[in-house]
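Report on one structure; see the data block that follows.
All of the numbers you see were taken from the coordinates with simple rules; none came from a lab. Treat the numbers as computed from the prediction; the structure is a model and nothing was measured. Note that each Cβ is placed from the backbone with ideal geometry, even for glycine, and that neighbours are counted across all protein chains shown.
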Amino acid sequence: MRVAIVAPNYAPVVGGVETVVTHVARHLVALGCEVEVWTHRPRGLAAREDLDGVAVRRFVTTPSARYPLSPSLWRHTIHHARGYDVVHAHSYHSTAALGLALRRVPAPVVVTTHYHGVGHTPAAQAMHRGYRPFGARLLAHATRVVAVSAAEEALLRKDFPSIADRTAVVANGVDTDRLAAAQPWQDEPPTLLVAGRLEPYKRVDRIIAAFGRLPSVGQLVVVGDGPDRGRLERLAGPNVRFLGRVGDDDLARWLLTARGVVSLSAHEAFGLVAAEGVAAGARAVLSDIPAHREVATMLDAAATVVDAGDLDAVRAALADALAAPNEGARAVRSWRDVAADYLAVYERAVSR
């Protein structure tokens, strides 16, 4: 099967959506698919390259790092979709797939939305409202609309009732092969790990505040970068380490080192870092939002859901995670499983 994937970015760019797209594309190739990714071109990356059997084509964008626009990507999508069995677009909140909203293409379209339903800043909220007609057209043109959790699917059906008979859930996975090949860092104190883009809605400041109420028995390691990093560093005490962006191999080592992984995010479509941490043997401490409650159920006793506004409850959950040793690898859903599920979605879209 020939599959074109339209996404805001691709490896080596890091991020939640990028992680999903990169792993799914690689494993689709392993399943025998011919995969080409059409995406934005950050400065310094080649316009065309082959990465692990995936053909990647990158298109220039307007200068904005937060809200890039790429008419050349939209035109390419419209004009070349007919050469593929399926066109798979990722992220409702990105303009990368706008070509599929502007015009119907002569190929089945699958859209994985990674949908939060809101913008995360006042400016983003205003843009989200303005973008809504285009997002609605994107979903209207889709043969299948995929959510990464039942919570996200319910939100999509509420906001876009007309797609209710075309939705499916394909939960995210974990890079189990990388975790199996990694080793924890040696001689580290008991560690709590935060990983992801540093945005205000991620509420890392509350993690720092709750951690500051603990006795000095460990460290809080923050992996990732973003616009909120400077403020967070000013709030942090001496046992909080900011590592910035790290490679996948180093992140795997931190996951294996950590006793707990923490996310108090206000909005998520899934809880990917929580699943990765639990797969590596850590406990997960998660904010009480629908996607996290669902992931906590999937992860069984290895995850705790707390009210992010109750610092005493967060502190207690962090203390419990620090007190328990990393238990070693647990069996979880892999990206190989995810790719197989997407291939089944493609086959249904083609037959429809």
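Working ranking of peptides 281-290, 181-190, 342-351 by packing, defined as the average number of other Cβ atoms within 10 Å per residue, highest first, is 281-290, 342-351, 181-190.
Per-residue packing, averaged as other Cβ atoms within 10 Å, sorts the ranges 316-322, 66-72 into the order 316-322, 66-72, beginning with the highest.
A straight line joining the Cα centroids of region 144-220 and region 37-63 runs 26 Å. According to the square roots a ≥ b ≥ c of the eigenvalues of the Cα gyration tensor, what is the shape class of region 259-321, taking rounded for a/c under 1.5, prolate for a/b larger than b/c otherwise, and oblate for the remainder? Judged from the Cα gyration tensor, region 259-321 comes out oblate (a/c at least 1.5, b/c at or above a/b). Grab the other residues whose beta carbon is less than 13 angstrom from that of residue 1, score K and R as +1, D and E as -1, and report the net. Result for the neighbourhood of residue 1: -2.
Scanning residues 5 or more positions from residue 51 or on other chains, those with amide H under 5 Å from its amide H are 56, with H placed 1.01 Å from N in the peptide plane. Computed about its Cα centre, the charge dipole of the chain is approximately 1340 debye, with only Lys, Arg, Asp and Glu carrying charge at their Cβ. For region 41-181, just say rounded, prolate or oblate: build the C-alpha gyration tensor, square-root its eigenvalues into a ≥ b ≥ c, call rounded for a/c under 1.5, and beyond that prolate if a/b exceeds b/c, oblate if not. Rounded, because the longest to shortest axis ratio a/c is under 1.5. Among the GluC sites (Glu not before Pro) within region 261-339, those in coil by DSSP and having at most 16 neighbouring Cβ atoms inside 10 Å are 327. Amide hydrogen proximity for residue 330: with H placed 1.01 Å from N in the peptide plane, the residues at 5 or more positions away or on another chain lying under 5 Å are 280, 281. Close amide-amide hydrogen proximity is noted between residue 34 and 2, 3, each under 5 Å apart and 5 or more residues distant or on a separate chain (H modeled in the peptide plane; Pro and chain starts excluded). For every other residue with a beta carbon closer than 15 angstrom to the beta carbon of residue 164, add +1 if it is Lys or Arg and -1 if Asp or Glu, then tell me the sum. For residues surrounding residue 164, the net value is 0. Summing Lys and Arg as +1 and Asp and Glu as -1 over all other residues whose Cβ lies under 13 Å from the Cβ of residue 39 gives a net charge of +1. Measuring nothing but how far apart in sequence close Cα pairs (under 8 Å, 6+ apart) lie, relative to its length, region 1-155 scores a relative contact order of 21 percent.
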